[in-house]
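Beneath this line is the structure, given in structure tokens, with notes to follow.
Every number in this text was worked out from the coordinates using simple rules, so none of it is lab data. Keep in mind that what you see is a predicted model, and the values were worked out from it rather than measured. All Cβ positions, even for glycine, are placed from backbone atoms using ideal geometry, and neighbour counts span all protein chains on display.
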Amino acid sequence: DGGITQSPKYLFRKEGQNVTLSCEQNLNHDAMYWYRQDPGQGLRLIYYSQIVNDFQKGDIAEGYSVSREKKESFPLTVTSAQKNPTAFYLCASVPGGTPNQPQHFGDGTRLSIL
Amino acid sequence: GEDVEQSLFLSVREGDSSVINCTYTDSSSTYLYWYKQEPGAGLQLLTYIFSNMDMKQDQRLTVLLNKKDKHLSLRIADTQTGDSAIYFCAEIPNSGYALNFGKGTSLLVTP
């Protein structure tokens, strides 16, 4: 079945460590997104990519980095510069170039600090 | 920037109707969305409405749109315990490429 796969489901980070969250989709979608969700908060946009080898910063990009080398994959690295990384991270994708298509979401990765 | 506003909590009894309200920010938003999030899971698209519509019905779900007031509502008929979740209202602002979410409404359905 087509969908978005995020891994791992749970991730723990030590102080000063970079960690990478995986997001893979087999929907042939062009655009992919990373959101951060904190308790009682809506989703805030970290980065998005509309096409391979191109990505843009969202509202809270500081302390994060991404790459888009393949259409199917949009990994997110949480760097040591992100001082408060504990959150639920959601990846989403949308078909085509039009921004008004509904986004499809993965099941999320919960990141915690050790 | 401006926020999409939703009330944070709603509690209803099983079998009653639930109405979740949302005020969005951009009057030129073309589509408006309702997503459902169950504990520990991602977001599931429930329904969406195009801005030239006033109402959309899909089984137990009814979406009402008041463009003048930038008000969107989601009505769930015959609410069941399985409907307990967080419901997010979202828009894509004009010329934007990502969804702008409300903080979510936690719906609790009691027997």
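About the Cα centre of segment B:3-60, how large is the charge dipole given +1 on each Lys and Arg Cβ and -1 on each Asp and Glu Cβ? Please answer in debye to the nearest 20. Spell out each step's value before the answer.
On the way: 4 positive and 8 negative charges, 33 e Å.
With only Lys, Arg, Asp and Glu charged at Cβ, the dipole is about 160 debye.
Taking the convex hull of the Cα atoms, report for chain B its projected area averaged over all directions, in nm². Spell out each step's value before the answer.
On the way: hull surface 27.0 nm².
For chain B, the mean projected area of the Cα convex hull comes to 6.7 nm².
Most exposed first by the Cβ proxy, i.e. fewest other Cβ within 10 Å, how do B:Val12, A:Val94, B:Val63, B:Val19 rank? Walk me through the numbers on the way to the answer.
Numbers: B:Val12 17, A:Val94 24, B:Val63 21, B:Val19 13.
Lowest count first: B:Val19, B:Val12, B:Val63, A:Val94.
What is the log10 of I(q)/I(0) for segment B:26-79, computed with the Debye formula using one identical point scatterer on each Cα and no solvent, at q = 0.18, 0.20 Å⁻¹?
With one equal scatterer per Cα and no solvent, log10 I(q)/I(0) is -0.62, -0.74.
For chain A, with a Gaussian network of springs between Cα atoms less than 10 Å apart, report the residue from A:Pro85, A:Pro95, A:Pro39 with the top mean-square fluctuation.
Among A:Pro85, A:Pro95, A:Pro39, the largest mean-square fluctuation in the Gaussian network model of chain A belongs to A:Pro39.
Summarise the long-distance tail of P(r) for the protein assembly as shown by giving the % of C-alpha pairs beyond 25 Å.
Numbers: 10186 of 25200 pairs.
So the pairs more than 25 Å apart make up 40 percent of the total in the protein assembly as shown.
What fraction, in whole percent, of alpha-carbon pairs in segment A:5-84 exceed 14 Å separation? List each step's numbers first, then the result.
Numbers: 1992 of 3160 pairs.
When every Cα pair of segment A:5-84 is considered, 63 percent fall beyond 14 Å.
Can you put B:Thr81, A:Thr5 in order, fewest other beta carbons within 10 Å first?
Details: B:Thr81 10, A:Thr5 13.
With the fewest neighbours first, B:Thr81, A:Thr5 line up as B:Thr81, A:Thr5.
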